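Working notes, structure below.
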Amino acid sequence: MRLKDKLTLVYIPFILLIILTQVAVVLGYFLFFANPQNLTITDLVINNQLILVLLVVMNLITLGGFIWVYRIRLQRLLVLKLEYLNQFIRDFAKADPIPIDGLIPETDEIEQLLESVLVMRNNYAIQKKSLEKLAYFDRLTGLPNKEFLIKELAPVLDRAKRKSELVAILHLELRNFREINENLGSEFGDKLIKVMGKKLEKIIRAGDIIKHNQINEDIHQLNTLGDESEMVNLTMVARIIGVEFVFVLIDIEKTENALRIANRIIDRITTPFIIEQHHIKLNGNIGIAMYPQDGDEPEVLFKHANFALKEANKQGANQVEYFTREMNVHALHKAEIEKNLKLGLESEQFIVQFQPRVNIHTGELVAFEALLRWQSPGAGLIPAAEFMGVAEETNLICEIGNWIFDQVCHALAQWRNAGYHSIRASINISATQLFNEGMLELVENYLQLYGLAAENLEFEITEGCVIKDEKLAIQILEKLSHLGVKISLDEFGHDYSSLKILQAIPLNILKIDRKFIMDEYQEKGGRQLLQSIIAIAKGFDIQTVACGVEEQYQVDFFKESDCDFIQGFYFSRPIAANKVIAFVNDWYNDLETDAKLRF
């Protein structure tokens, strides 16, 4: 029934009541004063006045009753419902879904509006819960994410502080997932992450925060990871990003138990298993941070556990490392360098210098290696070796690398305009740059922008860069080589070197490391080793460069050994970009007269 119809049902009876009252008074008057002949004029006036007073009084009584009943009806029909509606709106954001059937039986306009608001309230509550799940839980594994863990860890740390308990943060990273993902496909990789999520969830067993999403004071002990000395009262696990997971161990008895539990986790994840007939064996590393000694805030503990994980990654596969204060000092130093690097890019503090490479047999200048230098205020000219490690760890390497690439291509265009079309420029490429998805497109764009031939470019990589993902590295290098870019292997002999790599990747040039040359030249049999490396390279049709050459006897030795090129202070220190053309002009002018340059 519509609202106006309900209100009509209130005032129609009162109108009828007023009419009936007036009729009753009039009838009573005629019955009571049936013989007006016996009445005087004064009595008639008085009687008329009395009737009028009675009519007025009865109408007022009836009207008062009407107003009172009407107010009650209005309060029921409007006020109470509007208050209910107002309460719904106030509680809209925090409301949980409630059943609607039978709650609002009537269907006037106010009740329809109330029902609509209630439907909206329920829909909002359902969507809110869905959004919270998306915000706080990983879509792929169903595990909590970092945001959820930070939110829930705060009360955990408060409880640990009150009860003087130890809390451990274990940051796990799966090491060889990328190789599996590339070999078997991303869809298989997603399945593998799901399986790992279930395995990690089983490690800590159900009945904890993963199921309840809250911290309970009454916590059941878990003993799935070992004997009673290793019991933990509550464990959380979350997927942070990619193949990184974080465990939170609460109320462990002693710091050493965190290491034992971490080793058990490593044992579990490295146990081979089968997915879709594929035999899978994963590796993983774990970094550990402890509350309260390593921090008393969730973000600080996560950061310190990550520092420890990075240190574990440096040690190899399946390693566990505790956070130490030295790591924090190193991290702060790295953060300072990162901040200054960003500032250096913005304020153009970087420069590129070029060191020539000379054909040892003809004296021809064949290439210039681009060397990055940082003109840091107060620190002078800083070589790249002192800051490029931080740049690569913080992903600034791509931004810096793109800047270098632009500077080198600009220099190459100037050399070409000066008539030196055959001189190449070599650029050191990091693993991050090499594996960047847009690497090939970047090269093509810059070549087109400056109108350069790909043969004018040479990319220098290290063996360490290749072995991070040999299969992918070979694919990218083959594409670059097919484009026309020359590929050189830098620092050969610096750390670990395998002759097999000469066959594995599309190499044009092998650069023998300066330190390797210095060490081996002095060792017994060292000269024969250097000569053997040059000979093997030639067998693969790879040219060789002796780096760091400073003395005449070194020039003589490598010339006799049939090395192709020499680079080092013997000929020139790195020179500024705007002086390269003048250097090349002077070089060829002096080539016939300077005894030092006679070959």
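Points worth noting:
- Residue 395-residue 418 FRET efficiency (beta carbon distance; Förster radius 30 Å; 0.05 resolution): 0.25
- Computed lengthening from residue 528 to residue 359, 0.36 nm per intervening residue step minus Cα-Cα distance: 58.7 nm
- Of the GluC sites (Glu not before Pro) found in the range 421-475, those that fall in a DSSP loop while having at most 16 other beta-carbon atoms within 10 Å are 437.
- Put the Cα centre of the range 130-182 next to the Cα centre of the range 316-340 and the gap is 21 Å.
- Virtual spin-label span in nm between residue 339 and residue 500, 7 Å along Cα→Cβ: 4.6
- As a length-normalised measure over Cα pairs under 8 Å and 6 or more apart, the relative contact order of the range 387-492 settles at 27 percent.
Each value in this text was obtained by applying a stated rule to the coordinates, not by laboratory testing. Computed from a predicted structure; not experimentally measured. Glycine gets a Cβ as well: all are built from the backbone with ideal geometry, and neighbour counts include every protein chain shown.
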